[in-house]
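Here is the structure we will look at, set down as structure tokens.
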2 protein chains.
Amino acid sequence: MKIDEISTPALIVDVAAMDRNIRHMADFFATGPCRLRPHFKAHKTPEIARRQLAAGSCTGLTCATVWEAEIAAEFCDDVLLANEVIGPGKCERVAALARRIQITVAVDSPQGIESLDQAAKAAGVLIGALVDLDVGQRRCGVQPGREAVLLAHRIAGSGNLTLRGVMGYEGHLVALENRADREARTRAAIERLADTARLIRADDLPCDIVSCGGTGTYDISSRVEGVTEVQAGSYVLMDSDYGRLHLPFEQAFWVLGTVVSRPEPTRCVADAGHKSQTKDHGLPTAPDLPGAEVVSLNDEHATIRIPADSVVKVGDRVRLRPSHTDPTINLHDSVYAIDGDRVVDVWPVAARGYAEHRYNPST
Amino acid sequence: MKIDEISTPALIVDVAAMDRNIRHMADFFATGPCRLRPHFKAHKTPEIARRQLAAGSCTGLTCATVWEAEIAAEFCDDVLLANEVIGPGKCERVAALARRIQITVAVDSPQGIESLDQAAKAAGVLIGALVDLDVGQRRCGVQPGREAVLLAHRIAGSGNLTLRGVMGYEGHLVALENRADREARTRAAIERLADTARLIRADDLPCDIVSCGGTGTYDISSRVEGVTEVQAGSYVLMDSDYGRLHLPFEQAFWVLGTVVSRPEPTRCVADAGHKSQTKDHGLPTAPDLPGAEVVSLNDEHATIRIPADSVVKVGDRVRLRPSHTDPTINLHDSVYAIDGDRVVDVWPVAARGYAEHRYNPST
């Protein structure tokens, strides 16, 4: 199959560029005590995750949802669910996974510990737990220091959870454009995480995992003394938002569209709207069209301003470079893996959406 | 099944509220020459579309993609594909539909006419065509007046297309908050559409359909002399963006989340991020939580500012009111239809995404 035969809009991945990104990151983590645990939520695509693991330097995978962890467990034996797990049936599903793989879950509340502990007890398994710390993002997580140590004691004192360490995500810093600023603030945030790990160990509790980091900060966080693994995800495919940061990774994915209208010389419209690529980090770019600017995305339309002398015409194909990897890929059921103009494979985005609503809608 | 047993995040629809919206709109169109052709793209859910058709006053359904039309054709015999159809295989799929149902496609270019005509010829069918007019939105569509009449002649002169009329979507006006402004500008825009229909008829060409309108303008556009049908979609479920306009429709859908963290008294976090509800029209609201404000959406998190004395706790359920119906529903595989706290049915969002990438990933 040629790329020209793909029905649009479609998600395409340049396999060679993606493999270079994977290689570069694996090489970065090949030496030194800190390892990589790629975030599966970025692409939800088992074939991509398998390549990340095969490249080496990885401790396993990071996931954001139980469903992602269930898919990851099919090919990975060590999963960090870097998120609070609360709600009907979810801890039970984690306990079921704990029978087959090493699974570790972030917790930040006594209720979270209790429900996970009960599910582990009922299933007769041990589940790993990390204390989730707020390193400044102000989302989930307890404060570093004493509050975190208390929660660590509570995990250690539960009957069926194994305290494995701490995590904190510096999500408020990963996209800071000024490198010096990003570096200084990330180091300060992650040092508080590492300090908390030392406090926990000083209380004679185990704390083997100190996890943090994203694509914008992997080379900063990983060098803070005591950090054991980094959760970066977007690096593998990249987006135009991270593209601003001059990172050593290439744009490896695109949304392919078809020009469906050129109603006036300075405007064309492609069939790739925000049901195929999100605009939460800004509008996509259209680098194949000289002088072009995407001016709006509607459900099924990307409206593009073009120079009046542009040769673009109805039926032409156009690659759009999305602003945000994770939610864009979540809109698609498949990834077209390409080599030049040839489709070499089609990979299911197996962990897209929420499985419980896909397969078991029993009332 | 009770609503408390649903795994979150989940899309829930209040069936009674939805049915009232459907009833109100059907009653509005029950008299007068203008009819309703509900837009299937708003919800992509056959069960909802069936109820819209059953309520009466409808000429058929409006769709935005070939895939939506293919799903709609399973239960509706008159579909308007109110969008340009261009690209590999798409006109052929429309021609296949034309064997089973009345299908009409918007066109705005000679290339669009030619490819549709060829596909119709190859399949031995007639396909209906509308001239797509730009009534001010500046997306697709030719200018009203002479340019549109020329395109109408070209359709009429093709061998295998049937000229059925004109359409224009006043998408730039549907959400104007000032009613007088919305009314005056909509009337002016749609009068240009109706005038063009008269010009086409003056050239002895058929022009039976004059289609336009959205949820914010249905009662304005439908009263412009000559308009024959309105494409409104969002009215059936409503969102907080249209909620600003004081329309006679109720919020009938929600994203249900679970509170997974309350890391400080004035903040809680629910497991319903922008992979379950888009923020392109703004952040959702959380009307069940007194004094609460959603301050950010990440992939899997809604961070909510709450009063320090709020009784909300980890494990509580929270309904979030999305800002934009169409792209939010496109994120989900199923709709939980509820009556009070009881789940009465689960409806597949059958037209979600792009089918060609779901079922036929052949290389």
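Read-outs throughout are calculated quantities, based only on the coordinates presented, and are distinct from any laboratory measurement. Note that this is a predicted model, so its numbers are computed, not measured. Glycine gets a Cβ as well: all are built from the backbone with ideal geometry, and neighbour counts include every protein chain shown.
Taking a ≥ b ≥ c as the square roots of the Cα gyration tensor eigenvalues, with a/c under 1.5 meaning rounded and otherwise prolate when a/b beats b/c, else oblate, which class fits segment A:214-262?
Prolate, since a/c reaches 1.5 and a/b exceeds b/c.
Relative to the longest principal axis of chain B, what angle (0 to 90°, nearest 10) does the C-alpha long axis of helix B:15-28 take?
Roughly 30 degrees between the two axes.
Shape verdict for the protein assembly as shown, please, from the Cα gyration tensor: rounded (a/c under 1.5), prolate (a/b greater than b/c) or oblate.
Since a/c reaches 1.5 and a/b is larger than b/c, the shape of the protein assembly as shown is classed as prolate.
Which of A:LYS41/B:LYS275; A:LYS275/B:LYS41; A:LYS90/B:LYS275; A:LYS41/A:LYS90; A:LYS44/B:LYS41 have a Cα-Cα distance over 20 Å?
A:LYS44/B:LYS41
Less than 9 Å Cβ to Cβ from B:GLY159, Lys/Arg counted +1 and Asp/Glu -1: what total charge do the surrounding residues give?
Neighbour charge sum, excluding B:GLY159 itself: 0.
Would you please classify the overall shape of chain B from the alpha carbon gyration tensor, given that a ≥ b ≥ c denote the square roots of the eigenvalues, rounded means a/c under 1.5, and beyond that prolate means a/b larger than b/c while oblate covers the rest?
Judged from the Cα gyration tensor, chain B comes out prolate (a/c at least 1.5, a/b above b/c).
What value, in deg cm²/dmol to 500, does the helix sum -39500 (n - 2.57) over DSSP H runs of n ≥ 4 give at 222 nm once divided by the residues of chain B?
Helix contribution divided over all residues of chain B: -8500 deg cm²/dmol.
For the protein assembly as shown, with only Lys/Arg (+1) and Asp/Glu (-1) charged at the beta-carbon, what is the dipole magnitude about the Cα centre, in debye rounded to 20?
Dipole of the protein assembly as shown, to the nearest 20 debye: 40 debye.
Within 10 Å of each Cβ in peptide B:104-113, how many partner chain Cβ atoms are there on average? Round it to a whole number, please.
Taking all residues of B:104-113 together, the mean is 3.
What is the magnitude of the charge dipole of chain A about its Cα centre, with +1 placed on the Cβ of each Lys and Arg, -1 on the Cβ of each Asp and Glu, and no other charges, expressed in debye to the nearest 20?
180 debye
Using a 10 angstrom cutoff on alpha carbons, build the Gaussian network for chain B and name the most mobile of B:LEU247, B:LEU176, B:LEU237.
Ranking B:LEU247, B:LEU176, B:LEU237 by mean-square fluctuation puts B:LEU247 first.
When Lys and Arg each count +1 and Asp and Glu each count -1, what net charge do the other residues less than 12 Å away from B:PRO248, Cβ to Cβ, add up to?
That sum, taken over residues with Cβ under 12 Å, equals -1.
At 7 angstrom along the Cα-to-beta-carbon line, where would the label on B:ASP181 sit relative to the other copies? Give the distances in nm, shortest first.
3.4
In whole percent, what relative contact order does segment A:15-237 give with Cα contacts below 8 Å and a gap of six or more residues?
Relative contact order for segment A:15-237 comes out at 19 percent.
Per-residue mean of other chain beta-carbon atoms within 10 angstrom of the beta-carbon, peptide A:229-240?
Rounded to a whole number, the mean comes out at 0.
Using the Karplus equation 6.51 cos²θ - 1.76 cosθ + 1.60 (θ = phi - 60°), what ³J(HN,Hα) coupling, rounded to whole Hz, does each residue of segment A:266-277 give in order, writing x for Gly and Pro?
Coupling constants for segment A:266-277: 9, 9, 10, 10, 9, 8, 10, x, 7, 7, 10, 7 Hz.
Got the B:THR31 label distances to the other copies yet, label 7 Å along Cα→Cβ, in nm, shortest first?
In nanometres, ordered from closest: 8.5.
Are there any trypsin sites (Lys or Arg not before Pro) in segment A:235-293 that are in a DSSP loop and have at most 15 other Cβ atoms within 10 Å? List them by number.
Answer in residue order: A:ARG244.
Report the one residue of A:LEU199, A:GLY165, A:THR186 whose Cα lies farthest in the direction of the positive end of the charge dipole of segment A:15-237 (charges on C-beta: Lys and Arg +1, Asp and Glu -1; origin at the Cα centre).
Working it through, the farthest residue towards the positive pole turns out to be A:THR186.
Gaussian network model of chain A, Cα springs within a sub-10 Å range: biggest mean-square fluctuation belongs to which of A:GLY353, A:GLY233, A:GLY340?
It is A:GLY340.
Could you work out how far helix B:146-157 tilts from the main Cα principal axis of chain B, as a 0 to 90 degree angle to the nearest 10?
Compared with the principal axis, the helix lies near 70 degrees.
Just to confirm a number: summing +1 for Lys and Arg and -1 for Asp and Glu over residues other than B:LEU61 whose beta-carbon lies under 13 angstrom from that of B:LEU61, what do you get?
Residues near B:LEU61 contribute 0 overall.
Ignoring GluC sites (Glu not before Pro) that are buried or in helix or strand per DSSP, and keeping those with at most 14 other beta carbon atoms within 10 Å, what is the longest stretch of chain B between them?
B:226-363
Among B:GLN102, B:GLN111, B:GLN137, which one shows the highest mean-square fluctuation when chain B is modelled as a Gaussian network with alpha-carbon springs under 10 Å?
Residue with maximal mean-square fluctuation among B:GLN102, B:GLN111, B:GLN137: B:GLN111.
Restricting to Cα pairs below 8 Å that are 6+ residues apart, what does the relative contact order work out to for segment B:192-318? Please round to a whole percent.
RCO, segment B:192-318: 19 percent.
Nearest 10 degrees is fine. How inclined is helix A:179-202 to the longest principal axis of chain A, computing both from alpha carbons?
Computed tilt is about 20 degrees.
What spacing in nm lies between the two simple spin-label points modelled at B:ARG317 and A:ASP309, each 7 Å away from Cα in the Cβ direction?
Label-label distance for B:ARG317 and A:ASP309, simple model: 6.3 nm.
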